[in-house]
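Colleague: Below: one structure in structure tokens.
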Amino acid sequence: MGRVITYRQALRDTLRAELQRDENVLLMGEEIGVFEGSYKITAGLLEEFGPRRVRDTPISEEGFTGAAVGAAMLGLRPIVEIMTINFSLLAIDQIVNHAAKMRGMFGGQVSVPMVIRTPGGGGQQLAATHSQNLEVFYAHVPGLKVVAPATPADAKGLLASAVRDDDPVLFLENLALYNTKGEVPDGDHTVPIGTAAVPRQGEDLTIIAYSRATVVALDVARRLAEQGISAEVVDVRSLRPLDRATICASVRKTGRAVVLEDDWLSYGVGAEIAATVQEGAFDYLDAPVRRVASAEVPLPYAKPLELAAMPDATALTRVVHEILDATRFTPSPTGRR
């Protein structure tokens, strides 16, 4: 059983549940208490749990992220909210050189059980420095786990798993998803970090995506079905560790693959996924793996230009047809071959 709620509500409910479940859990960040967070994810939590566990911090991403690293090493489980992933650049030394490396540098004698929640993504007319997808920066680093849920149910399940994990987890939210709705299981619900989902089965081609791109991929897959094309959608959900087995199993079944991501194309997560398919499913491919991503420019503020730079359903559909045309694909009336 479950109920239909927004992605935003799923996050808020999970934070409340984890604060109730474990007294070592605390929240830290700018304006998360009195102001209830820039996107109201922490609404009501200061009133319910008090300032010792819902802590407003100075405007110093490096400072409060470093404080959370220390708190985690001493046994607490801090959940840091960085207002936007763009500001995480100010804390990248604490994230990459401290949170990620402590366990290895101390020979496993300490762990850093902390979560860094932060939203990102374009489409909100927030201009170039506030609209970025920087997930690949963190997915590149051993010692960090990086998740990017696309649905309210996965937002709940992955956030609960992240809080209970003994390693630092980057929990990436997309601004475009906060008001999206979906059914969320009641009660305690966890999703294992490192597992992909297959929200739509298909036989002709695999679309691999994560976060907001998964919503676009599912919409395109539904439209392709009306044209007799059966597209399977893999929602990666976890960027590090990456569920390479599920990705390759899907491509071995369909023989064709396209990766959709909001990030820039060069050196992005899509490049890692394409390499994964090359290594694990090359002999099954009927065509080269294709990637659809943002234009390689700072995201413009002007809405028409911003939309032109971001990957969308039209771009994905065009690439799908190019792959199918190149392999002489003939749609069946039922969408199944």
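The values are calculated or read from the model by the stated rules, or taken from the named source; none is laboratory data. Here the structure is a predicted model, which means the values were calculated and not measured. Here the Cβ is made from the backbone with ideal geometry for all residues, glycine too, and neighbour counts use every protein chain on show. Surface areas here come from the heavy atoms of the whole protein model, side chains and all, with no ligands, DNA or RNA. Shrake-Rupley method; radii C 1.70, N 1.55, O 1.52, S 1.80 Å.
Colleague: Kirkwood-based Rg over Rh for the stretch 246-337 (C-alpha set), two decimals?
Modeller: Dividing the radius of gyration by the Kirkwood radius yields 1.03.
Colleague: With runs of 4+ DSSP H residues as the only contributors, calculate the mean residue ellipticity of the chain at 222 nm using -39,500 (n - 2.57) per run, divided by the residue total and rounded to the nearest 500.
Modeller: -10000 deg cm²/dmol
Colleague: Can you list which of the GluC sites (Glu not before Pro) found in the stretch 1-47 are DSSP loop residues with at most 11 other C-beta atoms within 10 Å?
Modeller: Those that pass, being in a loop and sparsely packed, are GLU23.
Colleague: Equivalent-ellipsoid semi-axes (√(5λ), Cα gyration tensor) for the stretch 3-184, whole Å, largest first?
Modeller: Semi-axes (√(5λ), whole Å): 23, 19, 16.
Colleague: Expressed as an acute angle from 0 to 90° and rounded to the nearest 10, what is the orientation of the C-alpha long axis of helix 7-21 relative to the principal long axis of the chain?
Modeller: That helix lies at roughly 40 degrees to the long axis.
Colleague: Hey, another quick one. What is the stretch 119-179 by shape, rounded, prolate or oblate, if you read a ≥ b ≥ c off the alpha carbon gyration tensor as root eigenvalues and call it rounded for a/c under 1.5, prolate for a/b larger than b/c, and oblate otherwise?
Modeller: oblate
Colleague: Of the candidates TYR39, TYR178, TYR210, which one comes out as most mobile in a Gaussian network treatment of the chain with C-alpha springs shorter than 10 Å?
Modeller: Maximum among the listed residues: TYR39.
Colleague: Could you give the size of the charge dipole of the stretch 1-51 about its Cα centre, using +1 on the Cβ of each K and R and -1 on the Cβ of each D and E, expressed in debye and rounded to the nearest 20?
Modeller: The dipole magnitude comes to about 320 debye.
Colleague: In whole Å, largest first, what are the principal axis extents of the Cα atoms in the chain?
Modeller: Result for the chain: principal-axis Cα extents of 63, 44, 43 Å.
Colleague: Continuing with the same structure: Any idea what the relative contact order of the stretch 197-327 is, in percent, if you count C-alpha pairs under 8 Å spaced at least 6 apart?
Modeller: It comes to 25 percent, rounded to a whole number.
Colleague: Ranked from the most accessible area to the least, with a 1.4 Å probe and all protein chains present, what is the order of MET28, MET73, MET1?
Modeller: These residues rank, largest area first, as MET1, MET73, MET28.
Colleague: Please state the charge dipole magnitude for the chain, taken about the Cα centre, from unit charges on C-beta atoms (+1 on K and R, -1 on D and E), reported in debye and rounded to the nearest 20.
Modeller: Using only the charged Cβ atoms, the result is roughly 560 debye.
Colleague: Further question: Counting only C-alpha contacts under 8 Å and six or more residues apart, can you give the relative contact order of the stretch 55-188 as a whole percent?
Modeller: Value for the stretch 55-188: 26 percent.
Colleague: What number, in percent, do you get for the relative contact order of the chain if the mean sequence gap of Cα pairs under 8 Å and at least 6 apart is divided by its residue count?
Modeller: Here the relative contact order equals 16 percent.
Colleague: What accessible area per residue comes out for the chain, rounded to a whole number of Å², with a 1.4 Å probe?
Modeller: Per residue, the chain has an accessible area of 43 Å².
Colleague: Here's a follow-up. Considering only protein heavy atoms, with the full assembly of protein chains and a 1.4 angstrom probe, order PHE87, PHE106 by accessible area, largest first.
Modeller: From most exposed to least exposed: PHE106, PHE87.
Colleague: In the chain, what percent of the accessible surface is made up of carbon and sulfur (1.4 Å probe, ligands and nucleic acids excluded)?
Modeller: 55
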